[in-house]
Every structure is written in structure tokens, then in C-alpha cells.
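Input: a single structure, listed below in C-alpha cells.
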Amino acid sequence: MQKVGMGIAALITVAVLAGCSSNAASGDTPDAGASLEGQTISLVVPFDPGGGYDAYARMLAPLLGEELGATVIVENRPGAGGILATNEVVNSKPDGLTIALLNGPGHLGSAIAEADGVLYDAEKMSYIGQISSEPDVVVTNGGGEIETADDMAGKRFAATGPGSNEYIDAVVLNELLGLDSEVITGFASSNEASLNVIQKNVDLHSRSLGSQLPGIKAGDLVPVLVIGTNSGESEIANVPNLIDVVPSGSKELATLHSALVSSGRIIAAPPGMDEGMLKLLRDAFEAAVTDEAFQKSAAESGRPISFMGGADMQKLVSGVMGSPKAYVELIKKAYSG
């Protein structure tokens with residue numbers, strides 16, 4: 001089944017990257033004067049300390065600093081689901097001294113939906129690369145009533161509220177699979193929503209694989225559907241993928257949504273960055289995250305690395321932001337409730 005996941009990854013890449021052009025240079029020789037040696041770089045994390053994004057940033061910072069001959073300091077700036085910090089980063093000088101670790105699905109989804117507070121054009125930012133990516137997994141309880149995507153029809157999805165990844169997935173699945181399912185909101189956290197699935201107060205819940213794995217491994221949750229690139233984890237190896245189960249007429253929208261989910265954790269910088277400086281950052285980032293010892297250490301700590309270069313990330317963003325009206329309206333619906 002891992003081959004299926006790789007095929008889906010290729011499908012997403014071809015569909016989203018085809019015909020897109022990067023807004024920033026990629027592959028050019030950096031300017032001779034492009035250097036951050038001896039400088040202090042702020043790596044902005046738009047979330048509270050202690051979470052997954054914070055952990056990835058603190059793993060990356062010392063190695064990225066070593067590659068650049070600089071000091072990289074992690075700054076946590078939570079608020080409005082990352083929108084406030086992203087607005088601040090976009091308005092920073094494009095001098096390489098301010099970069100950010102963004103939640104790709106939230107970052108791009110809110111921009112597509114033109115959500116309240118978004119004051120930036122996501123496509124114009126300077127993308128350095130992707131550090132990790134994982135699919136979303138729809139789970140149910142162990143009651144055995146829901147075994148296939150068809151069985152999800154008329155059931156109840158749990159979600160914290162409109163605009164959350166879990167709410168967006170539920171809205172998209174309802175539309176693409178014709179489920180006519182209800183989305184129950186108001187849970188204080190994704191963990192509370194998951195607990196209510198286990199307790200059979202609701203039927204389904206979609207969130208990242210890493211968040212679902214503990215419940216799946218414990219036998220409390222049963223995976224029903226994968227959204228995004230199947231990572232090859234044994235626990236979801238035989239679980240069908242959204243792209244494989246949607247009607248043929250919905251394949252394009254399913255591919256776009258899979259690309260949005262798979263955008264993962266993105267390192268980005270302000271728009272308008274000098275080509276040489278951007279290449280310097282991209283090269284340093286690639287050297288840091290493709291280091292075998294670093295990847296092994298990250299995997300052992302439960303934070304596996306999934307690298308995508310900055311040029312390809314820029315193209316993926318352009319593809320998602322250039323989505324057809326049908327997908328844009330679907331994402332807007334998922335934000336408006």
C-alpha cells in the first residue's frame with residue numbers, strides 16, 4: 001500500500017505544480033554579498049511554546065544557524081490561529097533576519113477563504129521549504145458501524161469550530177462524497193473532540209496522523225479515510241485515500257484538498273526577498289533538514305522530517321492559491337460555518 005501513497009503524492013505534485021511559476025528565483029547563483037554570518041535571525045512560531053510547531057522550530061534552529069554562521073532564535077507569537085504573526089512577518093524587512101514556521105493548511109486555507117484578519121497575499125511570500133508533512137486521518141470509534149467512506153453518510157463529525165482543519169475536512173468530505181453528515185462544533189479542543197468520538201457521543205473526527213496515532217495504536221480509534229499523501233505508517237497502510245474513493249467528477253477538487261492538507265509545516269519569509277538571499281536560506285535549510293543524523297534524531301523523537309525545496313513549495317502554494325472557484329467557495333464555506 002505504500003506504493004499507492006507514493007502514487008497519490010505524484011498525482012498531487014503533477015496536478016498542483018503543473019503550469020505554475022515561482023514568484024521568486026530558484027536555482028540562480030546567490031549574489032556574492034548574500035550572507036547572514038554573525039547575524040541573529042528570528043524564527044517566528046505563530047503558536048504557544050510546547051506544541052509540535054515549537055518542537056520542530058527548536059530542533060531546526062541550531063542546525064540552520066550552524067549552516068548560515070548565524071544565531072537563530074525561536075520567537076513564539078500566538079494569536080488568531082497564526083494570522084497575527086503571519087501579518088507581522090509579511091511586513092518585516094525581507095533581509096533574511098525574520099522567517100517563520102507556518103501551518104500550511106491553516107495559512108493557505110485562511111488566505112483562500114479571505115478570512116477575517118488576513119492582510120497578506122500568501123502567494124507573494126518567499127518560501128524556503130517544507131520541514132514536515134503528514135496526512136489527515138478520519139477516525140471513528142471501535143463500534144464497527146463505520147468501516148468505509150460510504151458508511152460515513154449521515155453521521156456526525158466532531159470539530160472545534162469553523163476554520164479549523166477538522167471542520168474544513170468535514171465540509172469538504174460532505175461535498176465531495178455527498179455524505180449529508182452533521183458537523184458538531186463547540187468542543188474546547190481537538191483532544192476533547194477525539195474523546196467524544198471514543199465515548200460514542202459523535203461518530204467521526206479528522207485531524208493529523210500524528211495526533212490520531214496514539215488513539216489508533218491503543219485501539220480506541222479506527223481509521224476510515226486518509227486525506228493527503230499516505231506516509232506509509234503501518235496503522236494506515238490499508239486505509240483508502242480520499243483521491244481513490246471520490247467520484248471521477250470530484251477528482252480535481254479532492255486533489256487540491258489533498259495538496260492543501262499536504263502543504264504541512266512551511267518555512268517562509270517576507271515577500272520581495274533578494275534572489276541571492278533567498279537562495280542562501282533555501283540552501284542552508286535543505287542542508288540542515290536532509291542531514292541523515294538530523295532526520296534520524298527527529299524521527300526518534302516523534303518528529304519525522306518530510307523535506308520539500310523552496311522552489312517546489314512556492315509552486316505548490318501558487319497552485320493551491322489559483323484553485324478554481326468551486327474549491328474556493330468550498331473553503332469559504334468551511335470558514336464561515
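Entry remark, the range 110-149: residues being assigned to a helix (DSSP H, G or I) and either open to solvent by 20 Å² or more (accessible area, probe 1.4 Å) or touching a Gly at 6+ places or on another chain (Cβ under 6 Å) (or both) number 2 in total.
Have a look at Glu300, Glu286 and point out the one that is within 25 Å of Gly50 (Cβ to Cβ), open to solvent by 20 Å² or more (accessible area, probe 1.4 Å) and either free of Cβ contacts under 8 Å to residues at least 60 places away in the same chain or within 19 Å of the chain's Cα centre (by Cα) (or both). If you could, list the steps in order and put the result at the bottom.
Numbers: Glu286 fails: within 25 Å of Gly50 (Cβ to Cβ).
So the residue among Glu300, Glu286 that is within 25 Å of Gly50 (Cβ to Cβ), open to solvent by 20 Å² or more (accessible area, probe 1.4 Å) and either free of Cβ contacts under 8 Å to residues at least 60 places away in the same chain or within 19 Å of the chain's Cα centre (by Cα) (or both) is Glu300.
Of the residues making up the range 47-62, those that are acidic (Asp, Glu) and either in a helix (DSSP H, G or I) or closer than 19 Å to Glu292 by Cβ (or both) number 1.
Looking only at the range 63-109, count every residue that is assigned to a helix (DSSP H, G or I) and either polar (S, T, N, Q) or open to solvent by 50 Å² or more (accessible area, probe 1.4 Å) (or both) and tell me the total. Talk me through it step by step, then tell me what you get.
Step one: filter the range 63-109 for residues assigned to a helix (DSSP H, G or I), giving 63-68, 80-90, 104-109.
Subsequent filtering for residues that are either polar (S, T, N, Q) or open to solvent by 50 Å² or more (accessible area, probe 1.4 Å) (or both) retains 66-67, 80-81, 84, 86-88.
Residues flagged as assigned to a helix (DSSP H, G or I) and either polar (S, T, N, Q) or open to solvent by 50 Å² or more (accessible area, probe 1.4 Å) (or both) within the range 63-109 amount to 8.
Filter the range 162-207 down to the residues that are within 26 Å of Glu252 (Cα to Cα) and part of a loop (DSSP other than H, G, I, E, B), then identify the one that is most open to solvent (accessible area, probe 1.4 Å). Steps first, answer last, please.
Within the range 162-207, the first condition is being within 26 Å of Glu252 (Cα to Cα), and the residues that meet it are 162-183, 204-207.
Next, only the ones that are part of a loop (DSSP other than H, G, I, E, B) stay: 162-164, 178-181.
On the way: Pro162: 70, Gly163: 19, Ser164: 23, Gly178: 57, Leu179: 8, Asp180: 136, Ser181: 16 Å².
In this case the residue turns out to be Asp180.
None of Met277, Met273 is open to solvent by less than 60 Å² (accessible area, probe 1.4 Å), in a loop (DSSP other than H, G, I, E, B), at pLDDT 95 or above and out of contact with any His (no Cβ under 6 Å at 6 or more places or on another chain) except Met273.
So that you can scan it fast, the table gives a plain yes or no per residue for (1) open to solvent by 50 Å² or more (accessible area, probe 1.4 Å); (2) over 30 Å from Lys93 (Cβ atoms); (3) among the charged types (D, E, K, R):
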residue	(1), (2), (3)
Thr255	no, yes, no
Ser263	no, no, no
Arg282	no, no, yes
Lys332	yes, yes, yes
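So, restricting to helices (runs of 4 or more DSSP H) that lie completely within the range 280-337, which ones have at least 3 residues that are hydrophobic (A, V, I, L, M, F, W, C) and under 19 Å from Ile266 (Cβ atoms)?
Details: elements: 292-300, 310-321, 325-336.
Counting at least 3 such residues, we get 310-321.
Within the range 208-246, track down each residue that is touching a residue at least 12 places away in the same chain (Cβ under 8 Å), over 19 Å from Ala299 (Cβ atoms) and either open to solvent by 60 Å² or more (accessible area, probe 1.4 Å) or charged (D, E, K, R) (or both). Answer for the range 208-246, where residues must be touching a residue at least 12 places away in the same chain (Cβ under 8 Å), over 19 Å from Ala299 (Cβ atoms) and either open to solvent by 60 Å² or more (accessible area, probe 1.4 Å) or charged (D, E, K, R) (or both): Asp220, Asn238, Asp244. Taking first residues from the range 250-274 that are farther than 24 Å from Val44 by Cβ and partners that are of a type in the set (Gly, Ala, Ser) and open to solvent by 10 Å² or more (accessible area, probe 1.4 Å), the Cβ contacts under 6 Å between residues at least 6 apart in sequence or on separate chains come to Thr255/Ala15; Leu256/Ser323.
The values are calculated or read from the model by the stated rules, or taken from the named source; none is laboratory data. In this text, all values refer to a predicted model and were calculated from it rather than measured experimentally. Counting neighbours? That spans all protein chains shown, and the Cβs are built from the backbone with ideal geometry, glycine included. SASA here: full protein model, heavy atoms, side chains in, ligands and nucleic acids out. Shrake-Rupley method; radii C 1.70, N 1.55, O 1.52, S 1.80 Å.
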